[in-house]
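Accompanying notes for the structure given below.
Read-outs: derived from the displayed coordinates by stated rules, not from any lab. In this text, all values refer to a predicted model and were calculated from it rather than measured experimentally. Neighbour counts run over all protein chains shown; Cβ positions are idealised from the backbone, glycine included.
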Amino acid sequence: MGAVLVTGGAGYIGSHTCLALLQAGYEVVVVDNLSNAKRESLRRVEALAGRALAAFHVADIRDRNALGAVFGAHEVAAVVHFAGLKAVGESVQNPGLYYDNNVCGTVALLDVMEASGVRAIVFSSSATVYGDPARVPIGEEAPLAPTNPYGRTKQFIEAILADQAAADRRWRAVCLRYFNPVGAHESGRIGEDPAGVPNNLMPYVAQVAVGRLPELQVFGGDYPTPDGTGVRDYIHVMDLAEGHVRALERLDALPGLTTVNLGTGRGYSVLEMISAFERASGRPVPHRVVERRPGDVAACWADPQRAAELLGWRAERGLETMCEDAWRWQSANPAGYGEDEEG
Ligand code: NAD
Ligand code: WQD
């Protein structure tokens, strides 16, 4: 079998998935423009795997010439496509950037794949495509109603993949809708390293616990949930990584387009997450309830049944492991990966 090309492989979920792929014996080629990642993540992935990547190309997926050269240099069997921008607030401020990077980038990737005769892709979609769900747990057939440009880029890319798969039955595409990825590899050597102040709950909590930030703001204490704070389906990033390996293994048996939720099927509130993190870290997480964050939903968790049926995959790591692994990464790397010497 040829190599797996991983776009965005230096990023948070990509780096953990590269490790899982190397450990499963795949040849792995990475393309990343390093817009939101450091080279150091992949150095550590190789050290943990005890194996090298087949190649790492610093390139932008919108650059068809650069992508063409990558496909020309390797025999690629399938693509795992993580590359994209993901900050909801930034997408509201600068939608053109998001449509260009995420949607046009994917169109360029699909073009070059078709020209190279590579017609198998696993795509990083998001539970954000469901918007404010009418009911939980959320099944894959729930209506799509994203509430921001970032979420719409995911919805549009899914539609493009559906059209491509309908037009040419040689194409196989799996859209994985992730719920809330958290945690880190159990070694604590790789993890999430957000640039600037984190937007997401868990990296924020971790930075408060380590003393890098003074206090967490809990966005809303009056939601119709058991303790009034928002409820989400947090999923360990290594479970997510293994979900990609399963999707690749099953790709031959999944013609056309397949859409699958990757979540645990259970939700935790913000206050439950804080308590679990305090227990795992042995550190206090000072926090204060403030106004709701605009655009947030009360509760969101997955129906994970289809992933079990089609991929033979279930999340295995619980909340305690998520927090312990996140803390191991944060406490051993309080400044993340630091600065790459090459910039
Ligand atoms: P990340 O920012 O850590 O990883 C994305 C990677 O893509 C980065 O390494 C970045 O440098 C690279 N990249 C961005 N634009 C590129 C381009 N034009 N060309 C080449 N490389 C480019 O984010 P992540 O959390 O690892 O997310 C990976 C994917 O999963 C994204 O598509 C994201 O939208 C999706 N997703 C993430 C979450 C989450 O909460 N983390 C949830 C659902 C879906
Ligand atoms: C979780 C809970 C907040 C920060 C986002 C994107 C989504 C997906 C995953 C990519 C909510 C609360 C948060 C804080 C808080 N990404 N919170 N204080 O909003 O579920 O999803 O990331 O696809 O598209 O929207 O995740 O981690 O930001 O928030 O109280 O400082 O924590 O209100 O209830 P969210 P999150």
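I need Glu75, Glu272 ordered by Cβ neighbour count within 10 Å, fewest first.
Details: Glu75 13, Glu272 16.
So the residues, fewest neighbours to most, are Glu75, Glu272.
Based on DSSP H segments of at least four residues, each scored -39500 (n - 2.57), the chain has a per-residue ellipticity at 222 nm of -11000 deg cm²/dmol. Long hydrophobic helices in the chain, taken as whole DSSP H segments with a C-alpha length of 18 Å or more on their own axis and mean Kyte-Doolittle hydropathy at least -1.0: 149-167, 237-250, 319-332. Taking every DSSP beta bridge that has both ends in the chain, the antiparallel portion is near 5%. A simple charge model with +1 on the Cβ of Lys and Arg, -1 on the Cβ of Asp and Glu and nothing else charged puts the dipole of the chain at about 220 debye relative to its Cα centre.
Please arrange Glu140, Glu40 by counting, for each residue, the other beta carbons lying within 10 Å of its beta carbon, fewest first. Intermediate results must be reported in sequence, preceding the final value.
On the way: Glu140 16, Glu40 19.
Ascending Cβ contact count within 10 Å gives the list Glu140, Glu40.
Return the loop-located GluC sites (Glu not before Pro) in the range 274-343 (DSSP other than H, G, I, E, B) with at most 13 other Cβ atoms within 10 Å of their own Cβ; answer none if there are none. When the GluC sites (Glu not before Pro) of the range 274-343 are filtered for loop state and at most 13 Cβ neighbours within 10 Å, Glu291, Glu316, Glu339, Glu341, Glu342 remain.
Simple point charges give the picture: +1 on the Cβ of Lys and Arg, -1 on the Cβ of Asp and Glu, and for the range 193-308 a dipole about the Cα centre of about 120 debye.
The GluC sites (Glu not before Pro) of the range 182-261 that DSSP puts in a loop, and whose beta carbon has at most 16 other beta carbons within 10 Å, are Glu186, Glu215.
Counting every other Cβ atom within 10 Å of each residue's Cβ, Arg177, Arg328 order from fewest to most as Arg328, Arg177. Taken along the Cα-to-beta-carbon direction at a fixed 7 Å, the label points for Ser35 and Arg306 span 2.8 nm.
If r is the Cβ-Cβ distance from Arg293 to Arg64 and R0 is 22 Å, what FRET efficiency results, to the nearest 0.05? Let's see the in-between values first.
Working: r = 38 Å, r/R0 = 1.72.
That pair, Arg293 with Arg64, gives E of 0.05.
Local charge for Leu216 was computed over the other residues whose Cβ lies under 13 Å away, with Lys and Arg +1 and Asp and Glu -1, and equals +2.
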